[in-house]
Structure formats: structure tokens, C-alpha cells
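Q: Sharing a structure below in C-alpha cells format, with a few things to ask.
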Amino acid sequence: MLYRPLFWTAFWCEDWLHASSFWGASHIIISSASAKTAFCLAYLLGKRRRTGFTSLKIVGLTSRRNVSFTRGLQLYDDVVEYDNFEASRALQ
């Protein structure tokens, strides 16, 4: 019951991104990556990628305290701490 609204928010966001063809992007950066809505979005983007519709690299941005948790989800290609974030590093 608690996750359903969060999942639907992520579902609508992913559907909107897919409908816009991700604007030709090669990476997507999700801030607050340890939040439930964020990792639902990462899950859906990964699922879309596994079906061959996109080859997006999924990058999670989170606090130092949540880095290991977020990596443990195995939903992101890379997890970056807020304090260490540099756009050029995340987009490599």
C-alpha cells in the first residue's frame, strides 16, 4: 500500500521519458537515488533497457550515508556521492 503511489510516480516518469525518446540522451542521472521513487524509476529504466528500447547509462546520486545501500540495490550503473559529483565524471 505504501509503495504503490511511489511506483506509479516512477512509472509515469519513465513512460514520459520513453515517449520523448529520452531526448537522445545516453545517460540519466537520478538524484536522491536511495529514495523509493528513485529506485523504482531506476528499476523501470533498467527493465526498458533490457528489452532493447534504450541503452541509457543509469547513474544514481545520493548521500555518503546511503552509497553502500544504493549500490547494493544493483539498479544503477554507477552510484555517486553528492559531495564527489562532477558532471564530466558521471557522463563517462
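Q: Need the C-alpha centroid separation for the range 21-44 versus the range 49-87, integer Å.
A: 8 Å
Q: Also: Averaged per residue, what accessible area in Å² does the chain show with a 1.4 Å probe, protein chains only? Mind showing how you got there, number by number?
A: Working: 5990 Å² over 92 residues.
Per residue, the chain has 65 Å² of solvent-accessible surface.
Q: If the chain between ARG4 and SER21 were fully stretched, how many nm would it gain, using 0.36 nm times the residue separation less the Cα-Cα distance?
A: Numbers: separation 17, 0.36 × 17 = 6.12 nm, distance 2.54 nm.
Stretched out fully, the ARG4 to SER21 stretch lengthens by 3.6 nm.
Q: Could you look at the range 15-63 and say what percent of its accessible area is carbon and sulfur, using a 1.4 Å probe and all protein chains? Intermediate results must be reported in sequence, preceding the final value.
A: Values: 1380 of 2480 Å².
That fraction is 56 percent.
The values are calculated or read from the model by the stated rules, or taken from the named source; none is laboratory data. Note that this is a predicted model, so its numbers are computed, not measured. Accessible surface is based on the protein model in full, side chains and every heavy atom, while ligands, DNA and RNA are left aside. Shrake-Rupley method; radii C 1.70, N 1.55, O 1.52, S 1.80 Å.
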